[in-house]
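Peer 1: Sending over a structure as structure tokens; questions will come in a sec.
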Amino acid sequence: MNQQKNEGIIEMNQGSDRNVQDAQREIMKLFQGLSREIPVVLFTQPGVNEMFNDYAKQAIRFFRQTTDKIVLREYRLDHEKAAEYRVTHSPTILFDPDNCHVRWLGAPIGEEARIFLELMLLLGSRDSGLTDDTRKILNRMDSKRHVKVFISGSCPYCPQQAMNALRAAIEKPGLISVELVDTQANPDLAEKYSAQSVPQTYADEILIAKGAQPEELFALSLEKMEQQTIFIPESDAKEVETDLLVVGGGPAGLTAGIYAARSGLNTVVVERGLLGGQVATTPVVENYPGLKQVGGKTLVDIMVTHAMEYVQIFPGEEVLEIETGEPLIVRTNRRKFITRSLLLATGAVHRKLGIRGEERLAGHGVSYCSTCDGPLFKGKKVILVGGGNSAVTEALHLKNIGVEVTLVHRRDEFRAQSVLINRLAEYGIPVLLNTEVKDITGDHKVESVVLYNNKTNETSSVPAEGVFIAIGYDPEVRLANIAGLELTSDGFIRHENYRTNVPGIYVAGDVVGGFKQIVTAAGQGAGAAMVVFEDLMNPFWKHHQK
Ligand code: NAP
């Protein structure tokens, strides 16, 4: 690595004079646009990290030869200024420290020289250059964030992530401070943060991104304090007219969106919660054709990205009212949709055990999402309740990430597919059959569960720090009830070839029951979209009325 650093600096300083002069001339042209001076403060300590101290000095000297706008001050680490600015590492560079909070631990050489150049241009113009969408996200933030981006001079992806952070710091100087940490100049910090790949971004000591992100995703990760993988721009429209409004952004809804839009229907998708629905929290999917093994969230990201090529998605938006008629009027918490047709792909919601302690200790050891909460129980004893594909998949996932999981099922055999059941033994997961959970106990968090063996009638209290519940889903029929749709005796939405009893309203996916697989939900979404297309061309209900 140091070899690469050496090569970088040699290129800059000892390469052919003509190359250096050409580069300087180009940079000089760029820097002509600088309208103000940029104070740069360099801290070095003789005898500490000498090689990087030299690189930092040489790089800054190189840039200063191209403009008189860089005003350099230099101090040693034992100077009082170092204490004033809380500088502890050599070399450290501060940029315009009276106006923004940006520091660099290391030397801007190799790929990092690009960062230095762009940073000078931004500071010179005092314009972050962020997109309106990114600014909107940053404007929502109301608390300070200290961002650390681990970078390296040999990493071509690092400048992008470093610039995301630097732009944010320039846009919100009172809110966002940024530290770029060169991992080669600061192996102690790289070790402390386990930054074994770059770029890696922390906010307030929490890892929020691995790799380089588009700037909107960086801002979103910073806002949410965890890595975000999809950014969907917000819409300000108060009224939206569509041919088809799809409610639900799971596999059924997204596929319907793709098919309807490709048929020429103006289509939008509204999703109140998690795009992808249940799939987004499924640890691993192994039966989606074409993808031998894929993380549920990854599959969702692929589907959402694909759907966004065709339809506008309105995330975080909840449908509140549906007025039937021609057109249908659908009101959400944000706007009104006037639509020729409506597809409910609202999926299903987690089933609850309905036992004592379940609601009180939800979020304190009781969980319905092993992908989300599993890592918190590493090395701890938990029970997982259920006997279907979800329960077995999630038990395998928990075991895989180091959780001591015991699977508890109320019958003497599982409902899950045999390929999954066989893995339970392979993974050494203890299984309690004919066992029901009767009570979850603990003052502030789960401490134990009361188990009842329905064959022997024995009851026992077993210590556990977590209870994961994966006992299936109930169809989400709230909107069906609002719209006056008929349900089946099992509580699913009644339909005939995706058409409900209300003209213009269609259904697809888990809300209609059936096999409840990702691929069948997607298939139903495609089928429903094609039926909608046929009906809008040639409305079936008008024929019935004749
Ligand atoms: P599921 O197939 O409906 O299974 C629910 C399980 O929970 C059953 O074993 C059921 O027991 C048990 N259960 C229900 N209510 C209970 C209660 N009150 N107390 C204790 N146990 C209770 O649900 P799922 O596993 O969530 O799967 C939902 C759908 O998604 C299914 O169609 C499934 O095939 C599909 N899925 C597929 C995959 C895959 O293909 N890899 C992965 C996940 C999910 P009984 O058996 O006694 O009824």
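The values are calculated or read from the model by the stated rules, or taken from the named source; none is laboratory data. If you're wondering where the values come from, they're calculated on a predicted model, not measured in any experiment. Virtual Cβ from ideal backbone geometry, glycine too; neighbours counted across all protein chains shown. We work out accessible area using only protein heavy atoms, side chains counted, and drop any ligands, DNA or RNA first. Shrake-Rupley method; radii C 1.70, N 1.55, O 1.52, S 1.80 Å.
Peer 1: Within the stretch 122-141, take every residue that is over 17 Å from Ser221 (Cβ atoms) and free of Cβ contacts under 8 Å to residues at least 40 places away in the same chain and give me the one that is most open to solvent (accessible area, probe 1.4 Å).
Peer 2: Asp132
Peer 1: Within the group Tyr473, Tyr452, Tyr368, which residue is of a type outside the set (Gly, Ala, Ser), touching an Asp or Glu at 6+ places or on another chain (Cβ under 6 Å) and either within 14 Å of the ligand (Cβ to nearest atom) or under 30 Å from Ala252 (Cβ atoms) (or both)?
Peer 2: Tyr452
Peer 1: Quick check: is even one residue across the stretch 71-81 of a type in the set (Val, Ile, Thr) and open to solvent by 30 Å² or more (accessible area, probe 1.4 Å)? Give the steps one after another, and end with the answer.
Peer 2: To start, the set of residues in the stretch 71-81 that are of a type in the set (Val, Ile, Thr) comprises 71.
Then keep just the ones that are open to solvent by 30 Å² or more (accessible area, probe 1.4 Å); that gives 71.
Yes, the stretch 71-81 contains a residue that is of a type in the set (Val, Ile, Thr) and open to solvent by 30 Å² or more (accessible area, probe 1.4 Å).
Peer 1: If you go through the stretch 92-116, how many residues are open to solvent by 40 Å² or more (accessible area, probe 1.4 Å), under 31 Å from the mean Cα position of the chain (by Cα) and within 16 Å of Ile38 (Cα to Cα)?
Peer 2: 2
Peer 1: Report those strands (runs of 3 or more DSSP E) wholly inside the stretch 275-365 carrying at least 1 residues which are within 16 Å of the ligand (Cβ to nearest atom) and not hydrophobic (A, V, I, L, M, F, W, C).
Peer 2: Counting at least 1 such residues, we get 348-350.
Peer 1: For the stretch 258-290, give me the residue count where each residue is at pLDDT 95 or above and of a type in the set (A, V, I, L, M, F, W, C).
Peer 2: Total satisfying the criteria: 7.
For every residue, the table says whether it meets (1) surrounded by 24 or more Cβ atoms within 10 Å (Cβ to Cβ); (2) within 16 Å of the ligand (Cβ to nearest atom).
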{"site": "Glu496", "(1), (2)": "no, no"}
{"site": "Gly504", "(1), (2)": "no, no"}
{"site": "Ala508", "(1), (2)": "yes, yes"}
{"site": "Gly513", "(1), (2)": "no, yes"}
{"site": "Lys516", "(1), (2)": "no, yes"}
{"site": "Ala526", "(1), (2)": "no, no"}
{"site": "Met537", "(1), (2)": "no, no"}
{"site": "Lys542", "(1), (2)": "no, no"}
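Peer 1: Condition first: more than 15 Å from the ligand (Cβ to nearest atom) and either open to solvent by 10 Å² or more (accessible area, probe 1.4 Å) or on the phi > 0 side of the Ramachandran plot (or both). Now tell me which residues in the stretch 402-428 satisfy that.
Peer 2: Gly402, Glu404, Ala425, Glu426, Tyr427, Gly428
Peer 1: A follow-up question, please. Looking at Asn457, Asn497, Asn434, Asn501, can you tell me which residue is within 22 Å of Arg411 (Cβ to Cβ) and touching a residue at least 12 places away in the same chain (Cβ under 8 Å)?
Peer 2: Asn434
Peer 1: Next up: Please determine whether any residue of the stretch 468-487 is closer than 27 Å to Ile401 by Cβ and open to solvent by 40 Å² or more (accessible area, probe 1.4 Å).
Peer 2: Checked against the condition, which is being closer than 27 Å to Ile401 by Cβ and open to solvent by 40 Å² or more (accessible area, probe 1.4 Å), the stretch 468-487 yields at least one hit.
Peer 1: Let me ask something else. Scan the stretch 378-401 residue by residue and report those that are more than 10 Å from the ligand (Cβ to nearest atom) and in a helix (DSSP H, G or I).
Peer 2: Within the stretch 378-401, Ala395, Leu396, His397, Leu398, Lys399, Asn400 qualify.
Peer 1: Still on this structure, please answer the following. Collect the residues in the stretch 142-175 that are open to solvent by less than 30 Å² (accessible area, probe 1.4 Å), hydrophobic (A, V, I, L, M, F, W, C) and modelled with pLDDT of 90 or more, keeping them in residue-number order.
Peer 2: If the condition is that a residue be open to solvent by less than 30 Å² (accessible area, probe 1.4 Å), hydrophobic (A, V, I, L, M, F, W, C) and modelled with pLDDT of 90 or more, then Val147, Val149, Phe150, Ile151, Ala162, Met163, Ala165, Leu166, Ala168, Ala169, Ile170 are the ones that fit.
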